[in-house]
Each structure stands twice: as structure tokens, then as C-alpha cells.
Amino acid sequence: MNSALSLIHAVLLLVALPAHALETPQLRVLFLGDNDIHKPAERFKILAPVLAEQHIELVYTDDMRDINSAKLSGFDALAIYANITEIGSTQEKALLEFVEGGGGLVAIHCASFCFLNSPKYIELVGAQFKSHGQGVFRESIVKLDHPVMEDLTAIESWDESYVHTKHNSDRTVLAERRDEKGNEPWTWVREFGEGRVFYTAWGHDERT
């Protein structure tokens, strides 16, 4: 398993499982995508069989109607890899209550530019996408002792060099993207109620 897949595997285990359950992972993760430029359905086809070997079942949807309390109750975590600009009040409530009640949220790359009408979602994720360049760069891990980063090495890849805004200080930054403009928080975790949140800016396409 390469570094990027190892990161996702570690994240899903740590975000979705209570600590006492880590020895026997049996996870169901709803993977929310869309029909935009990031091609989440194609990424899903790559991730699903690899994670299935680790007892993690991904279920794909690009239908926002699936973001409801009844649907989410059948999953341990929600992964978002999409550019969906708006969320309804009922859907927002269901998502927030799911995480607050102990569910996991895995927000990948463009998920930081989802649901622009929801300040609560932006706060939940931990920041909002602002702008980007592109190129090959290497992350700098700043929290080597965090369980998510255990046995992982820094990723180097072509990707979009995200810059974020509306940063939430209530988070633990695991890795940064460093350049002449400074250190940009790149991958982080935070807690919300009984639930856990993971975000990484990595992931524009198959190169990462």
C-alpha cells in the first residue's frame, strides 16, 4: 500500500472507530462525490477494493438526498470528496449531529470548498479553500507522534498548492506545505462533540 492509500487507511480507522474497537475494524464509510472535475467516482473505484481488504467498506453516492439522519446512521464515517456549493438546513443538521454524536468526517481536498452557505460546516472542517497554484511539492510532517501519522512518511506529489482561509484554531495540524510564502496547514484533525474530523488538502487527481 503506498503512502497516500496508507494515509487514508489510517485516517478511516482513527476517525471512524472508538479507541476500544481498533483491534477488529469493521467499518462502513459513505463516500460523497459529485460529477465535477475531480472525478470522485473514479477515485472510489481505486480506493474501494484496497480498503475492503482492510475491512473498510466504502459506499459511493453523489446524491445529496443521502445526507440525512436515517442514511448516516448506517455508517461509521462520511468521506467528502466533492465540489457541492450548497447544503440544505435539514442536511446540515443531519451532518453536524452525525459527527457530534460520534461519527467520523473525512474531508478530502476540494471538500474544503463545499457547502459555502454553511459557516458551521466550514468550522467543522477546520478551514475553507481560498486559492491554489500547482506543482510537485513535499509535505512537512509536524506531528510525527500522532496515531494518524504512525509508520507513514511524507508524501511528495504533483498537486494543487491549496491556500486556506477561515482557519479554525481548534485543531491539531499534522502536516504543512512550506514555500517562500510561509507554512500552510495542509493536513489536520479535530474533535467535534463525540466525533472526529480529518482533513487533507492532498488529492486533486490520481497522481496523489
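The values are calculated or read from the model by the stated rules, or taken from the named source; none is laboratory data. Please read these numbers as outputs of a predicted model, since none were measured by experiment. Glycine also receives a Cβ, built like all others from the backbone with ideal geometry; neighbour counts cover every protein chain displayed. Each accessible area value is taken on the protein alone, full model and side chains, heavy atoms only, with ligands, DNA and RNA left out. Shrake-Rupley method; radii C 1.70, N 1.55, O 1.52, S 1.80 Å.
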Give me the extension gain from Glu206 to His167: residue separation times 0.36 nm, minus the current Cα-Cα distance, reported in nm with one decimal.
11.3 nm
In nanometres, what is the gap between the two model label sites at Val136 and Ala48, each 7 Å from Cα along Cα-to-Cβ?
3.3 nm
Provide the gained length on full extension for the span Glu156 to Gln26, in nm with one decimal, where the gain is 0.36 nm per separating residue minus the Cα-Cα distance.
43.8 nm
With a 1.4 Å probe and all protein chains left in place, how much of the accessible area of the range 121-201 comes from carbon and sulfur atoms, in whole percent?
43 percent
Where the only charges are on Cβ atoms (+1 Lys, Arg; -1 Asp, Glu), what is the dipole of the chain about its Cα centre, to the nearest 20 debye?
260 debye
How much accessible area per residue does the chain have, counting only protein heavy atoms and a probe of 1.4 Å, in square angstrom?
48 Å²
Computed magnitude of the charge dipole of the range 165-208 (debye, nearest 20; Cβ of K, R +1, Cβ of D, E -1):
80 debye
Between Glu191 and Asp179, 0.36 nm times their residue separation minus their Cα-Cα distance comes to what?
1.5 nm
Treating only Lys and Arg (+1) and Asp and Glu (-1) as charged, each at its beta carbon, one finds that the range 79-194 has a dipole about its Cα centre, in Debye to the nearest 20, of 320 debye
Links that overshoot a 26 Å alpha carbon limit, given the list Lys143/Lys166; Lys39/Lys71; Lys143/Lys181; Lys93/Lys166; Lys45/Lys181; Lys45/Lys130:
Lys45/Lys181; Lys45/Lys130
Total formal charge among the other residues, if their Cβ is under 14 angstrom from that of Arg177, Lys/Arg +1 and Asp/Glu -1:
-4
Amide H neighbours of Arg28 at under 5 Å, excluding residues fewer than 5 places away on the same chain, with H built from the backbone geometry, are Glu57, Asp76, Ala77
